[in-house]
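Participant: I'd like to ask you about the structure that follows.
The values are calculated or read from the model by the stated rules, or taken from the named source; none is laboratory data. The model shown is predicted, which means the values in this text are computed figures rather than measured ones. As a convention, Cβ positions derive from the backbone with ideal geometry for all residues, glycine included, and neighbour counts pool all protein chains shown.
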Amino acid sequence: ETGVTQSPTHLIKTRGQQVTLRCSSQSGHNTVSWYQQALGQGPQFIFQYYREEENGRGNFPPRFSGLQFPNYSSELNVNALELDDSALYLCASRAAGQGPYNEQFFGPGTRLTVL
Amino acid sequence: AQSVTQLDSHVSVSEGTPVLLRCNYSSSYSPSLFWYVQHPNKGLQLLLKYTSAATLVKGINGFEAEFKKSETSFHLTKPSAHMSDAAEYFCVVQSGGYNKLIFGAGTRLAVHP
């Protein structure tokens, strides 16, 4: 176990709805990244938060947004859900500032199904 | 742009035989490369990482990988497979100033008795 937790574990929504996924970082980690893993594919980078600010974003539309809180926990929000948003959403945390190659620790993920 | 290509989507081996999972990378500068493993219903776990030090990298659970610049490869090996090694394996390159990870499509390793 990495110490990174995510909730909920599974979620079912319908097209057009909005969803919020949550991530609790490992203790001492100040940076959190979110990844989307579609079935049968590798994870794709959505965005990263450092000190409550987004400081990097992948090729995802603005309806994917996030927050990082003072305790470094994080939320991923997705508006206007589409069928293709069905995926495993992974959160990863690390301690930025301890070298460029410090390990990212992944949570178990939230499985989102959009009907 | 940086990328990784995993050459096999599925690999099947017998328990006790060697494992070879192949990965080629593309990078305009010296890359940081990783192998992650994903067991069903579990999070991604780092097996090993290459960060421009020794070209032969040893990881957890007996896995190792060799960085070969001339071949732009970073293949993962293990001398003797165990049933518990059955999982999805991802070759990953680190990219950008904010250290985002770029994953390959994955290789599913099956281990048979």
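Participant: How do the strands (runs of 3 or more DSSP E) wholly within region A:1-48 filter down when requiring 3 or more residues that are within 12 Å of A:A87 (Cα to Cα): which remain?
Facilitator: Here the list reads A:10-13, A:31-37.
Participant: Kindly provide the set of residues from region B:58-99 that are on the phi > 0 side of the Ramachandran plot and in contact with a helix residue (DSSP H, G or I) (Cβ under 8 Å, 6 or more places away or on another chain), ordered by number.
Facilitator: B:N61
Participant: Right, next: Please state which one of A:A87, A:A38 is touching a residue at least 40 places away in the same chain (Cβ under 8 Å) and closer than 30 Å to B:S30 by Cα.
Facilitator: Of the residues listed, the single one that is touching a residue at least 40 places away in the same chain (Cβ under 8 Å) and closer than 30 Å to B:S30 by Cα is A:A38.
Okay, residues lined up against (1) in contact (Cβ under 8 Å) with a residue 40 or more places away in the chain; (2) among the basic types (K, R); (3) more than 12 Å from every other protein chain (Cβ to nearest Cβ):
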residue: B:Q45; (1), (2), (3): no, no, no
residue: B:A53; (1), (2), (3): no, no, no
residue: B:K58; (1), (2), (3): no, yes, yes
residue: B:N61; (1), (2), (3): no, no, yes
residue: B:E66; (1), (2), (3): no, no, yes
residue: B:S73; (1), (2), (3): yes, no, yes
residue: B:S80; (1), (2), (3): yes, no, yes
residue: B:Y89; (1), (2), (3): yes, no, no
residue: B:S95; (1), (2), (3): yes, no, no
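Participant: Scanning region A:45-63 for residues that are surrounded by fewer than 18 Cβ atoms within 10 Å (Cβ to Cβ) and of a type in the set (S, T, N, Q), which turns out modelled with the lowest pLDDT?
Facilitator: Of everything passing the filter in region A:45-63, A:N55 is modelled with the lowest pLDDT.
Participant: Kindly provide the set of residues from region B:16-43 that are touching a residue at least 40 places away in the same chain (Cβ under 8 Å), exposed (fewer than 14 other Cβ atoms within 10 Å of the Cβ) and part of a loop (DSSP other than H, G, I, E, B), ordered by number.
Facilitator: B:G16, B:T17, B:P18, B:H39, B:P40
Participant: OK, next. Kindly indicate the residue of region B:44-70 that is hydroxyl-bearing (S, T, Y) and touching a Leu at 6+ places or on another chain (Cβ under 9 Å) and also surrounded by the most Cβ atoms within 10 Å (Cβ to Cβ) among those meeting that condition. Spell out the reasoning first.
Facilitator: Looking only at region B:44-70, we keep the residues that are hydroxyl-bearing (S, T, Y), and these are B:50-52, B:55, B:70.
When the remaining residues are screened for being touching a Leu at 6+ places or on another chain (Cβ under 9 Å), the result is B:50-51.
Details: B:Y50: 23, B:T51: 16.
The extreme case among them is B:Y50.
Table: residues versus (1) under 24 Å from B:Q45 (Cβ atoms); (2) touching a strand residue (DSSP E or B) at 6+ places or on another chain (Cβ under 9 Å).
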site	(1), (2)
A:Q18	no, yes
A:L39	yes, yes
A:F47	yes, yes
A:A80	no, no
A:A95	yes, yes
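Participant: Quick check on region A:71-87. Is at least one of its residues modelled with pLDDT of 90 or more, within 11 Å of chain B (Cβ to nearest Cβ) and closer than 26 Å to B:H10 by Cβ? Outline the logic, then answer.
Facilitator: Filtering region A:71-87 for residues modelled with pLDDT of 90 or more gives A:73-87.
Right, trim to within 11 Å of chain B (Cβ to nearest Cβ) and you get none.
Checked against the condition, which is being modelled with pLDDT of 90 or more, within 11 Å of chain B (Cβ to nearest Cβ) and closer than 26 Å to B:H10 by Cβ, region A:71-87 yields no hits at all.
Participant: So which residues in region B:51-63 are more than 16 Å from B:A86 (Cα to Cα) and either aromatic (F, W, Y) or assigned to a strand (DSSP E or B) (or both), if there are any at all?
Facilitator: Taking region B:51-63 first, the residues more than 16 Å from B:A86 (Cα to Cα) are B:51-59.
Selection gives B:L56, B:V57, B:K58.
Participant: Moving on to the next point. Just one of (1) in contact with a Lys or Arg (Cβ under 8 Å, 6 or more places away or on another chain); (2) surrounded by fewer than 16 Cβ atoms within 10 Å (Cβ to Cβ) trips up A:G16, so point out which.
Facilitator: The one condition A:G16 does not meet is (1).
Participant: Pick from region B:71-95 the residues that are among the charged types (D, E, K, R) and not in a helix (DSSP H, G or I): which of them is surrounded by the fewest Cβ atoms within 10 Å (Cβ to Cβ)?
Facilitator: B:E71
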